[in-house]
Amino acid sequence: QILKNKNYQIFGRKIEDESKELQKNNTKSKKSKQQNKLVEKKDDFISESNVELQLQVENEYGNRKVSVEDILNSSEQRVIPPEIVFFGEPRFPPPVETANDPKYHGRLLYWARHSTVAPRNTVDRIESVFPKGRFHSQATKYRFKTNEVNTLTFEEIYERFRDISDDLESSKAFINSNLDIVPSQLFLRALTSRKLEAQFNNDLLKMEEYKETRRRYIHAHDQLFFPLNIEIHKAETRVMTYLARPEIKEYARDWDETEISMHFLTLLSARLTWDRKVSEVLDEIKEKLDSTVSYMKDGIRRDLFSRDFRKVGITSEIYRNGSLLIEQQIPLLYNKIRPEIKLLHETFDMLEKDQIVSYTNEFCQKNGLALEQLTERLKLLDATLAGIQGLDYNELRIRCQRYYKYLCSSEDFELMDRWFFEMKDKQGPGGYYSFETYEPDDIPSFLKYLARNHDTGNEFSNFAVQVLKQPTKYSNYFDNKRVKASQVDDWLYRDPDFTGAGGESYDDLIESFRDAYIYQMNARKESENKLLRFVDNIMDNQDRALAESKIMRFDS
């Protein structure tokens, strides 16, 4: 936390200059005035409750003092970026105290296992945030050859990965090198389908083999995309801090190519999301006006635009202005953005295929890119967006896929994810749906109620479903059309990990977290040893703090 005036300090320290003056004053009345002034000034600054966050950023930025009053408009030199003041530092794990709260256990374990690869500087970000596909340093070793792609099948991908899956670095290199050929999320879906098929056929040995391979793939996948998720979190805090504000010119001038690309990617995703909401609101307004008598339309239109459209319309415009501000007023920064992201921005309002293709050809000439290179980058960006956790970038992914289909050759379009669609279309053993789903023998009435009263996210739809009893896709969720569990031996429960133990007490959760943390910590250190280098790891301090805390003792 930051204070600009060097006469003042925080975190329980005295304000030295003011205290010296107080000592010089002998009269009680003057002392009283000075003390009141101190109290007023102290109230304007950050309280001691933020000590932990200050200690977190102290190592990187130093112990600084800046006024919290109008931080963005301060003319003095800044050492801690405003987004960290407002939202905290996303490149650190949750504080030790969060081990008391089970909802933070997942994040703590995630950091305990993958923090070795957390990017710390520009070189780390360039190397690890955006997957590289055929430009990866080990692509010649792990990437499928062009002639192999033409006839690629799930079995070939699975066997190739299984053979190297015992080594984490090789697994990550395999996923990274082939991401545009084998999107990670598609392969995980196909692998899960095969595991369920083996489970359905009671082939438990094959099921365990698929489970272990899937576990290794998820492990490598999570570590590969860990830097991306850190940077996207940082980009989102920056978007919320500098959105359409001219102060970004000063704060963003030192951002590297990866940081500004992630920032712009977040802006584009937000624009698409809010534009869709604007379109939905306009459709609803049009529908309501069509069912309104003519003499009342003008008044209802004004009321609907003021009540329903104003918020989403202004928000959409703000995000649009935020991206245009960077393009038009900060050209040096805009030139750092990755070309596939700039293309998505510059063609944002284009709807016709011919218009997009024509502009893309001009864009490639202007940026010194071949069309094939740009389409490959779009395919990689689509697969990369799928690796972002906890946020919805589907709108941007759909646009990437649409542009790829417009720009790629007919042969590339035929080969796009062919291995997956052939498996999906296959009937019988080895197909995507080669298992039979079922429903419980006894359906609790509470589940029926939830299926009937599922929140649709729209008040008008909720009223129609819950009050007028109109049908939804959940209405016939339990309609006895599928076989019952007893008829197919309840085969989902053949996997002992299908459900958790459940009903654990708080002490049991803490004990489980303790065991999991120790396991992940040891796995991380083992990976560091395999890399033949010891990383200056921010989790080492976290490990020691947890081991010494009252929350859990590692030596017990």
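The values are calculated or read from the model by the stated rules, or taken from the named source; none is laboratory data. Everything quoted here is computed from the prediction, not taken from an experiment. FYI the Cβ positions are ideal-geometry reconstructions off the backbone, even for glycines, and counts take in every protein chain you see. For the accessible areas, the whole protein counts, side chains as well, though only heavy atoms, and no ligand, DNA or RNA atoms are used. Shrake-Rupley method; radii C 1.70, N 1.55, O 1.52, S 1.80 Å.
Details
- Any hit, the range 378-394, residues being of a type in the set (S, T, N, Q) and part of a helix (DSSP H, G or I): yes
- Where a residue in the range 73-98 is open to solvent by less than 50 Å² (accessible area, probe 1.4 Å) and its partner, wherever it lies, is modelled with pLDDT of 75 or more and of a type in the set (D, E, K, R), with Cβ under 6 Å and at least six apart: 83/238; 90/234; 94/107
- Residue in the range 322-336 that is hydroxyl-bearing (Ser, Thr, Tyr), touching an Asp or Glu at 6+ places or on another chain (Cβ under 7 Å) and closer than 30 Å to residue 236 by Cβ present: yes
- Those residues of the range 143-159 which are open to solvent by less than 80 Å² (accessible area, probe 1.4 Å), in a helix (DSSP H, G or I) and not acidic (Asp, Glu), in sequence order: 149, 154, 157, 158
- The residues on offer are 229, 178, and the sole one that is under 25 Å from the mean Cα position of the chain (by Cα) and farther than 24 Å from residue 89 by Cβ is 178.
- Of everything in the range 276-298 that is closer than 21 Å to residue 319 by Cα and touching a residue at least 24 places away in the same chain (Cβ under 8 Å), the residue that is farthest from the chain's Cα centre (by Cα) is 282.
- Members of the range 108-142 found to be assigned to a loop (DSSP other than H, G, I, E, B) and either more than 26 Å from residue 231 (Cα to Cα) or at pLDDT below 90 (or both), listed by number: 118, 119, 120, 121
- Selection of helices (runs of 4 or more DSSP H) fully inside the range 268-367 by the criterion of at least 3 residues being under 22 Å from residue 397 (Cα atoms) and modelled with pLDDT of 90 or more returns 310-329, 339-346, 353-367.
- Residue count for the range 202-216 under the criterion of being loosely packed, with under 15 Cβ neighbours inside 10 Å, under 15 Å from residue 491 (Cβ atoms) and either in contact (Cβ under 8 Å) with a residue 12 or more places away in the chain or among the aliphatic types (A, V, I, L, M) (or both): the result is 2.
- Condition check for residue 441: open to solvent by 40 Å² or more (accessible area, probe 1.4 Å) and assigned to a loop (DSSP other than H, G, I, E, B): yes
- Some residue of the range 257-275 being closer than 22 Å to residue 131 by Cα and either open to solvent by 50 Å² or more (accessible area, probe 1.4 Å) or out of contact with any helix residue (DSSP H, G or I) (no Cβ under 8 Å at 6 or more places or on another chain) (or both): yes
- For the range 382-413, the candidate set comprises residues that are in contact (Cβ under 8 Å) with a residue 60 or more places away in the chain and of a type in the set (Val, Ile, Thr); within that set, the residue that is surrounded by the fewest Cβ atoms within 10 Å (Cβ to Cβ) is 388.
- Hits in the range 61-105 (condition: of a type in the set (Gly, Ala, Ser) and modelled with pLDDT of 75 or more): 99
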